[in-house]
1. Is it fair to say Glu390 is among the acidic types (Asp, Glu) and within 16 Å of Met567 (Cα to Cα)?
2. What residue, of Met336, Met355, is in contact (Cβ under 8 Å) with a residue 24 or more places away in the chain, in a loop (DSSP other than H, G, I, E, B) and among the hydrophobic types (A, V, I, L, M, F, W, C)?
3. Restricting to segment 438-466, and then to whatever is touching a helix residue (DSSP H, G or I) at 6+ places or on another chain (Cβ under 8 Å) and basic (Lys, Arg), can you tell me which residue is surrounded by the fewest Cβ atoms within 10 Å (Cβ to Cβ)?
4. Test Lys414 against the criterion of being in a helix (DSSP H, G or I) and out of contact with any Ser or Thr (no Cβ under 7 Å at 6 or more places or on another chain), and give yes or no.
5. What are the residue pairs meeting all of these: first residue in segment 137-164, first residue under 17 Å from Gln191 (Cα atoms) and assigned by TED's automatic domain parsing to the domain that holds Ala115, second residue among the aliphatic types (A, V, I, L, M) and surrounded by fewer than 13 Cβ atoms within 10 Å (Cβ to Cβ), Cβ atoms under 6 Å, and 6 or more apart or on different chains?
6. Is one or more of the residues making up segment 274-294 under 17 Å from the mean Cα position of the chain (by Cα) and either of a type in the set (Asp, Glu) or over 22 Å from Val533 (Cα atoms) (or both)?
7. Among what's in segment 213-224 and is part of a loop (DSSP other than H, G, I, E, B) and without any contact (Cβ under 8 Å) to a residue 60 or more places away in the chain, pick the residue that is farthest from Tyr542 (Cα to Cα).
Amino acid sequence: MNQANHLKDIRDWHPGQDFNLADEITHINAELALSQQKLSDHIETYWLAKSQLLTLMQLLKHQLPNGFDMCFDLFAVDERVRDQKLAEQCKDFTLVYHLRSMSRNQDIRIKVALAETDKTVDSICGIWANANWYEREAWDMFGIRFNSHPHLARILMPPTWVGHPLLKDHPARATEMDPFTLSDKQQEIEQQALKFRPEDWGMKRQSKDADFTFLNLGPNHPSVHGAFRIVLQMEGEEIIDCVPDIGYHHRGAEKMGERQSWHSYIPYTDRIDYLGGVMNNFPYVMAVEQLAGIEVPERARVIRIMMAEIFRILSHLLFYGTFAQDVGALSPIFYMFIDREKLFAIVEAFTGARMHPSYFRIGGVAMDLPKGWDTLVREYVNYLPKRLDEYEKMVMQNRLLKARTVDVGAYTSKEAIEYGVTGPGLRATGYSWDLRKQRPYGGYEQFEFEVPVGHKGDCYDRCRVRVEEMRQSIRIIEQCLNNMPEGPYKAEHPQTTPPDKRYTMEDIDTLIPHFVNVSWGPVIPPGEVSVSVEATKGIMAYHLISDGSTVSYRTRIRTPSFAHLQMLPLISRGQMVADLIATLGSIDYVMADVDR
């Protein structure tokens, strides 16, 4: 049955009622017992018994027309101390599966309730390959076991760590734990725990013809954009397989989100993709605003978009220079750092800071644009395109760079979607999917720009797409420059942070709420919401749960780099080590974005 006929049959079968995913699912398998939960982000959300999980997941990916081909996110929630659970199905723990159909441009959220006495569920690694790392993370952070997982081991914490850090009864601060000590005996235990054993990963030590060599690459910083370790399985000079080892930058960003006030957590978001600046603030503040019902003024929306695109350029310029450096061209990075310094000067003039300005606020931005801002921006808008033309000859037309990157590290659109690849890495395969176009947010629907795509999905195309995206960002910034609306830079809503201070010295009834809101932060109504943005490296999402308090009950950060690095074993097979360095550079990740 083709797709059109299939959908027609469902509508005929269920006439006169709202058509949703539950209708499609139960039409295919009426035994699946779905219970819907309405959430303010309008993503269709259903509870399901864990015994039916694999059946539903197979249906969603393989039996639905234009099924859910991407496992966008998978995480857990410790519900044990939550007051406002908002759903009768809640038990001690909840597993949340966030799936996406690229062709439908539609998401679905599946929830499974688990009891503390039975924290086990079937693995979905056999359905979506990238569920592997997400399930390992849920085990690492919450102690949830996934039956039939190929290698359920810690992923962000050291292998010797005791406990599961995102449980509500695990300490959140160093002052809540015993002082750190490392005896000689314990140091030896730690060293032994880091020893790589190929058999643990299903690897063999030899082929029919020769013994394999296992090469330890890292943990080091050069060429891998943060402390990152890769264990390579080599036959001669060829990479047969590899095991990426992450977690060296893990610092508990999600745990910190559950101890800081809604307002004071904003500077922490800057440090996730530390090259993305305000792009990290964007999904977080929009999620809080959606929970609180705050409408952002038009001027603030345009300022946010302009600043986000400025940081897209800043991030892409660094990628451009370091990528060229990774494959042997040293000069470009010095020129591009000059371009970045000029742009950082503008950011500093606007915000008072450079890389991590924490400029976005709940309800708007921290301060209005300064006088003369338009002159600074217009000078840069006229300056950068000419520089990009020079780099085209210096880098993109360089025959040595082409020799190192064309047809190297390539993957298809289908493979990219299977592994959760988003952003330039997906568009380099020729798949035109940009969240700013497919699901405009924050005012992007008002702007004209193109979505650059590649053709081969190789290292060269991943660079090419980012170069063209900088030109489109300039185009968006120029539209902000020419059409900046008048009006307030922050909503006049009682939950905005910090609140309006104009009348605090005139009456006590204004001073007290201002003091409470600044010191404790706003009280956000109970709710649950997920908000995504097209960040510098792909799609970043914040899933926030409020229990009606001054702090988040659960802060989940879905970062693009975490998904992208999981793809390394697939795209590195058959490469030389020098090819791997080019491939790593072309992915454009930072380890803080991976490890959080």
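1. Working: among the acidic types (Asp, Glu): yes; within 16 Å of Met567 (Cα to Cα): no.
No.
2. Values: Met336 fails: in a loop (DSSP other than H, G, I, E, B).
Exactly one of Met336, Met355 is in contact (Cβ under 8 Å) with a residue 24 or more places away in the chain, in a loop (DSSP other than H, G, I, E, B) and among the hydrophobic types (A, V, I, L, M, F, W, C), namely Met355.
3. So the residue we want is Arg464.
4. Taking the combined requirement at face value, the residue satisfies it.
5. Going by the 6 Å Cβ cut-off, the qualifying pairs are Pro159/Ala193; Thr160/Ala193.
6. no
7. Going residue by residue through segment 213-224, those that are part of a loop (DSSP other than H, G, I, E, B) are 221-224.
This time we only want the ones that are without any contact (Cβ under 8 Å) to a residue 60 or more places away in the chain, so: 221-222.
On the way: His221: 27, Pro222: 30 Å.
Restricting to residues being part of a loop (DSSP other than H, G, I, E, B) and without any contact (Cβ under 8 Å) to a residue 60 or more places away in the chain, the top hit is Pro222.
So that you can scan it fast, the table gives a plain yes or no per residue for (1) under 30 Å from Phe323 (Cα atoms); (2) touching a residue at least 12 places away in the same chain (Cβ under 8 Å); (3) buried (at least 16 other Cβ atoms within 10 Å of the Cβ):
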{"position": "Lys168", "(1), (2), (3)": "no, yes, no"}
{"position": "Phe180", "(1), (2), (3)": "no, no, no"}
{"position": "Glu188", "(1), (2), (3)": "no, no, no"}
{"position": "Pro198", "(1), (2), (3)": "no, yes, no"}
{"position": "Met203", "(1), (2), (3)": "no, yes, yes"}
{"position": "Lys208", "(1), (2), (3)": "no, no, no"}
{"position": "Gly226", "(1), (2), (3)": "yes, yes, yes"}
{"position": "Glu235", "(1), (2), (3)": "yes, yes, no"}
{"position": "Val243", "(1), (2), (3)": "yes, yes, yes"}
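The values are calculated or read from the model by the stated rules, or taken from the named source; none is laboratory data. Small disclaimer: the values here were computed from a predicted structure and weren't measured. No Cβ is skipped: glycine too gets one built from the backbone with ideal geometry, and neighbour counts run over all protein chains shown.
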